[in-house]
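Reviewing the structure listed below.
Please treat every number below as a calculation from the coordinates, not as lab data. Bear in mind the structure is a predicted one, so any value in this text is a computation, not a measurement. Counting neighbours? That spans all protein chains shown, and the Cβs are built from the backbone with ideal geometry, glycine included.
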């Protein structure tokens with residue numbers, strides 16, 4: 001039994017997630033996190049629901065799914081933001097978890113958010129200036145907070161402009177891989193606006209608990225885990241996965257010469273899921 005958490009926040013589930021398991025021997029439970037994908041209402045349809053869209057609420061959703069399906073214990077897996085949610089669930093309900101397999105590992109901590117939204121401007125200074133100036137900021141306000149506020153503005157033109165600018169920056173910081181192409185999701189307003197609103201909401205709140213994930217790794221003692229990360233993942237520095245691995249006795253860290261969630265990493269995830277569900 002395998003439970004998959006998608007990235008974003010706001011990416012939604014897909015058939016690709018189910019492809020990570022062998023349907024002849026495994027059952028995958030995938031779901032669209034609240035406010036995105038097939039979940040209704042979408043955050044763009046009812047922005048006020050953002051106030052109740054938190055990591056704690058999502059963990060409650062996951063437990064409700066487990067109860068509904070009559071599942072006693074399961075393997076938890078996820079990528080990017082999904083790894084934050086998977087770790088949060090495993091720490092909250094270790095008695096329900098048989099193992100954890102994560103790819104493109106992140107904790108959505110304040111430091112991680114600062115890296116991707118502020119410090120990375122040292123690598124992409126021109127693009128960062130364009131991104132930082134695309135929305136008005138109050139005195140002392142962080143860029144991510146300004147975007148989160150703009151994406152809840154009552155004026156749809158303000159929201160659309162902020163979402164488009166956020167999408168351009170998201171494309172920039174994953175663009176160093178040879179053969180890179182822009183992510184089509186940022187060209188589709190219906191998808192883009194949901195993604196931008198949820199990402200900035202969660203990032204502006206450090207994932208509603210991301211700062212404490214590392215200090216709670218002792219709760220996973222005795223639970224097997226595999227962490228898969230790309231050394232060339234500029235969006236999510238390898239040190240995040242490294243620190244989690246050091247704090248998690250018995251975990252395995254697989255480092256690949258690859259970008260954020262690259263093809264080899266996804267293949268390693270499929271292998272890890274197969275090993276942990278035997």
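Shape of the range 189-278 from its Cα gyration tensor (a ≥ b ≥ c, root eigenvalues): rounded if a/c is under 1.5, otherwise prolate when a/b > b/c, or oblate?
oblate
Distance between the 7 Å Cα→Cβ label points at residue 267 and residue 181: 2.0 nm. The ranking of 200, 98 by Cβ neighbour count inside 10 Å, starting from the fewest, reads 98, 200. Footprinting exposure proxy ranking of 239, 135, 158, fewest other C-beta atoms within 10 angstrom first, gives 239, 158, 135. Counting only alpha carbon atoms, the long axis of helix 189-204 and the longest principal axis of the chain meet at about 80°. When a/c is below 1.5 the answer is rounded, else prolate if a/b is larger than b/c, else oblate, so apply that to the range 40-95 with a ≥ b ≥ c taken from the square roots of the Cα gyration tensor eigenvalues. Cα axes put the range 40-95 in the prolate bin.
Take the alpha carbon atoms of the range 17-70, find their center, do the same for the range 113-137, and report the distance between the two centers in whole angstrom. Here the answer is 31 Å between Cα centres. Expressed as a fraction of 2.2 N^0.38 Å, the value expected for a compact globular protein of N residues, the C-alpha radius of gyration of the chain is 0.96. Who wins for biggest fluctuation among 120, 217, 266 in a Gaussian network model of the chain, springs between alpha carbons below 10 Å? Highest fluctuation among the options: 120. Length gained on full extension, residue 122 to residue 190, computed as 0.36 nm times the residue gap minus the Cα-Cα distance: 21.4 nm. Each 5 Å bin, from zero up to the one with the longest distance, holds this percent of the alpha carbon pairs of the range 166-217: 4, 18, 20, 17, 15, 13, 10, 3. Separation of the range 201-250 and the range 170-196, taken as the distance between their Cα centroids, equals 24 angstrom.
The label point for residue 46 and the one for residue 138, both projected 7 Å from the Cα toward the Cβ, are 2.7 nm apart. Mean-square fluctuations from a GNM of the chain, with a 10 angstrom spring cutoff on Cα atoms, peak among 150, 164, 57 at 57.
Can you sort 49, 199 by how many other beta carbons sit within 10 Å, fewest first? Write down the numbers at each step before the final one.
Values: 49 14, 199 25.
Placing the least packed residue first, the sequence is 49, 199.
For the chain, what is the mean residue ellipticity at 222 nm derived from helices alone (per DSSP H run of n ≥ 4: -39500 (n - 2.57); sum divided by total residues; nearest 500 deg cm²/dmol)?
Numbers: 11 runs with 116 residues, N = 278.
Helix-only estimate at 222 nm: -12500 deg cm²/dmol.
From the largest down, the range 112-207 spans 39, 30, 25 angstrom on the principal axes of its Cα atoms.
For the pair residue 61 and residue 114, label points projected 7 Å from Cα toward Cβ lie 3.0 nm apart.
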